Amino acid sequence: MRLLFAEDDRQLRQSVVRGLREDSYAVDQAEDGRQALDLASAHEYDAIVLDILMPGIDGIEVCRTLRAQGNTTPILMLTALDAVEQRIAGLDAGADDYLTKPFDFGELQARLRALTRRRGEVLAADLVVGDLVVDTRRHAARRGTREISLTAKEFAFLLHLARNAGRVVSKAELMAHVWDDSRESYSNIIDVYASRVRRKVDEGETTALLSTHRGAGYMLDAARPAAAGARRRS
């Protein structure tokens, strides 16, 4: 999933963004309201986190402007502990939830999951494609009894395919939802990760799950026998 995290406190912003990326989120970051508004207007996000007290345009005005533009992305506001009026103003501006600072990182993760559910997508604890199980809570995957070792970015890549199992996912969609503003500029990064994930998921198996649709994208599906070369040699 791709998030926007807007916070003018550099140390807090970098700490939270680092934690979210380690948790397999793709995260764009903004240090003020203007940058947050520009990014949110230009990109599609699964959720947006806005600090209220940012220089220039504050978080409430960013939220109000996005809603006026028809942007329905779930928005979580960050507020000071005793700022009841700010919380009310943020909710009235169109925010979906708020979190008071200082906050526990685990609570931020839980609230982001809740915002995704409110948008209409309930992300199951386990996504199952054939004998592949993608554990969305532990950020782990297995095929049958075989545990699959994945980096955070590889897991995010596999997770997005699993969320869209049976559908061809374009490279543009994968880039938008799996990578963020720190992504590599060269276009073959998707092919590189597809190759890595396919090898880890399909090598040695009798059923291939990850397929390439040339010119269209990639699909995770349980309906095809593997090519002989994909089976593990004894």
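Derivation of every value follows stated rules applied to the coordinates shown; laboratory data play no part. Nothing here was measured: the structure is a model prediction, and the numbers come from that model. Ideal geometry is used to build each Cβ from the backbone, glycine not excepted, and the neighbour counts take in all protein chains shown.
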Practice task
Calculate one ³J(HN,Hα) per residue across the range 132-138 by plugging θ = phi - 60° into the Karplus curve 6.51 cos²θ - 1.76 cosθ + 1.60, and present them in order as whole Hz with x for glycine and proline.
Solution key: 8, 10, 9, 8, 6, 8, 8
Exercise for the section: Determine the relative contact order of the chain: mean sequence separation of Cα pairs under 8 Å and six or more apart, normalised by residue count, in whole percent. Expected result: 16 percent
Exercise for the section: With everything on Cα atoms, drop me the angle between helix 33-42 and the longest principal axis of the chain, reported from 0 to 90° to the nearest 10. Expected result: 40 degrees
Exercise for the section: Please list, or write none, the lysines whose alpha carbon is within less than 16 Å of the alpha carbon of Lys153, excluding same-chain residues fewer than 8 places away. Expected result: Lys171, Lys200
Exercise for the section: Tell me what the chain gives for mean residue ellipticity at 222 nm when only DSSP H runs of n ≥ 4 count, each as -39,500 (n - 2.57), the sum divided by the residue total, rounded to 500 deg cm²/dmol. Expected result: -11500 deg cm²/dmol
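Could you tell me which GluC sites (Glu not before Pro) in the range 36-85 are loop residues by DSSP with no more than 14 other beta carbons within 10 angstrom of their beta carbon?
Values: sites: Glu44, Glu61, Glu85; in loops: Glu44.
For GluC sites (Glu not before Pro) across the range 36-85 that sit outside H, G, I, E and B with at most 14 neighbouring Cβ atoms in 10 Å, the list reads Glu44.
How would you rank Tyr98, Tyr45, going from fewest to most other Cβ atoms within 10 Å of each one's own Cβ?
Working: Tyr98 19, Tyr45 23.
So the ranking, lowest neighbour count to highest, is Tyr98, Tyr45.
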Handout entry: Sequence of Met1, Met219 once ranked by neighbouring C-beta atoms within 10 Å, starting from the fewest
Key = Met219, Met1
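Once you order the gyration tensor axes a ≥ b ≥ c over the Cα atoms, which shape class does the range 2-118 get: rounded for a/c under 1.5, otherwise prolate or oblate by comparing a/b with b/c?
On the way: a/c = 1.25, a/b = 1.12, b/c = 1.11.
Taking the square roots of the gyration eigenvalues as a ≥ b ≥ c, the range 2-118 is rounded.
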